[in-house]
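Derivation of every value follows stated rules applied to the coordinates shown; laboratory data play no part. None of these values were measured; they are calculated from a predicted model. Cβ coordinates were reconstructed from backbone atoms using ideal geometry, including for glycine residues, and neighbour counts include every protein chain displayed.
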Amino acid sequence: MKKSNLLKSLCLGATMLVAPASTADDMVKAYVDANAHRIMADFRDFLSMPNVASDTEDMMKNARWITGYIGKRGFESEIVSAGGAPYVIAERKTEGATKTVLIYAHFDGQPVAPENWATPPFRPTLRDGMVESGSKTVAWPEAGEPFNPEWRLFARSAGDDKAPVIALMAALDALDKEGISPSVNIKLILDGEEEAGSPTLGSILEAHGDKLESDLLLFCDGPMHQSRQRQLVFGVRGAMTVHLTAYGPKRPLHSGHYGNWAPNPNDRLVHLLAKMKDEEARILVPGYLDDVRPITEAEQQAIDALPRMDEALKDDLALGDTDGDGKRLEELIMSPAIVIKGFEGGGTGKKSRNIIMPSATASLNLRLVPDQTPEGVQKSLNDFFESEGFWLTDSDPTDEELKTHEKVLKVEWVPGGYGAFRSNLDSPVAQKLIGILNDIDGKPTLLTPTMGGSLPIYLFEEALDAPIILLPIANHDNNQHGRNENIRLQNLWNAVAVYAAVLKDFGK
């Protein structure tokens, strides 16, 4: 696409800035204002249910709650499983509709450490801001009292990713109340194991893919742009996890008696990790970047058109510097990453001891970009470990193996790693969506080439013949995966308007 045409696409709708808010948008806002207590009560009930994917019983409770909740809105649904946590597949048909929109969200959450939370993670709590900024808890409003849109609701999965279920049903309720029929058939696939890597999703799609045929797949997950502006996202990075364990003596040794003689597994692992990246976080592993797809001219133009938030984020996060040698965040997340998730080789602080431990372990999160494959990444890293003199094993080494090799490294590749996804910013479906979203309030929608996080989109790309676009709704500072996860209430209300607009207009 020529530069002039692309810039025109990026700014599609900018000429509509003077347009008045649409009648439908006013209708949705009025509905939300009148029904905020019911919507929030439903959300509180949903968030009160523990939802770690490894607990199948808890996940079934969540799935049954969902089927009852969406059933009141005319959805026919079924709970399906392929040996893991449940999925919910559902459909609501619209008389006369010729287009179908398939919506993905997930209803499981990351494991929690309740002792690290300001309030219990499964007791949804309102606060007047972020915990880190010294916010105060807010009493749940009585009937007739308003919800401040800047309040935040704190609970596991508040931002990642139960909100789309609530917002989507509220959007349908708003349309139904006004007698406005959706312009599309609506299908749902709700994932109960996304935070565990969706290990059985391939089998689910193989068994039930014929029920998911559609003209558009909207992935409703992830945070919005840091500027709080509405955005469409066209890609995600892939993800893999590997655990590395280095070895020293077979039993703990006094560090004074044996230091400088007995190899310290902490030292060996730290040295190995330090050779994988430079001080700007650029990956140094030979062959690791060989298959990386370059950023296209269109993608670079889209990045350049986004509001630059780096300085504001540095201030908000109290950072004196950032990685990436001055490149902006949106460009850096289009590159691969190797992230040290954690390191364990003995106690620290009051738990530290003067000993050399038998082993040290580091867990790495690997983020992939298009054209990289899990197999290729695994080979490049294994080759690198061997080039550093390590003998590799995937199980605990025997005493004989430890004695016959100078350096031993246990490499445990976690199953379920998957590749990245990226689609075109200027497809006809994308342009139609942009127009619909811009028409909500006359404000242009941001186009973001990729999101830094990961989703199992590649499986849908392989199984289904439909354009795939991400439509995130959560605030960027929702603390997803961490303690004190939250959603800003205005983000939830905005999501209701966005979903209503898509359902009302996409089929026209």
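Odds and ends about this structure:
- Phi to ³J(HN,Hα) by Karplus 6.51 cos²θ - 1.76 cosθ + 1.60 over region 172-185, Hz, x for Gly, Pro: 5, 4, 5, 5, 4, 4, 8, x, 9, 7, x, 8, 9, 6
- Of all DSSP beta bridges confined to the chain, the antiparallel ones make up roughly 70%.
- Taking label points 7 Å from Cα along the Cα-to-Cβ direction, Lys211 and Lys351 give a separation of 4.5 nm.
- From most to least packed by mean Cβ count within 10 Å, the peptides 213-222, 264-273 give 213-222, 264-273.
- When the chain is described by a simple charge dipole with +1 on each Lys and Arg Cβ and -1 on each Asp and Glu Cβ, the residue from His257, Ser423, Leu319 located farthest towards its positive end is Leu319.
- When each of the peptides 491-498, 366-373, 135-142 is scored by the mean number of other C-beta atoms lying within 10 Å of its residues, the order from highest to lowest reads 491-498, 366-373, 135-142.
- Residue-span extension gain [Asp399 to Lys314] - 0.36 nm each, minus C-alpha spacing: 25.7 nm
- By other beta-carbon atoms within 10 Å, ranking Arg230, Arg308, Arg127 with the fewest at the front produces Arg308, Arg127, Arg230.
- 19 Å Cα-Cα reach of Lys403 towards aspartates and glutamates, excluding residues that sit fewer than 8 places from it in its own chain: Asp267, Glu386, Glu388, Asp394
- Between 0 and 90 degrees, the angle of helix 489-505 with respect to the longest Cα principal axis of the chain falls at about 60 degrees.
- Nearest-ten-degree value, helix 428-441 long axis tilted from longest Cα axis of the chain: 70 degrees
- Cβ-Cβ FRET estimate between Leu392 and Gln229, R0 fixed at 51 Å, reported to 0.05: 0.60
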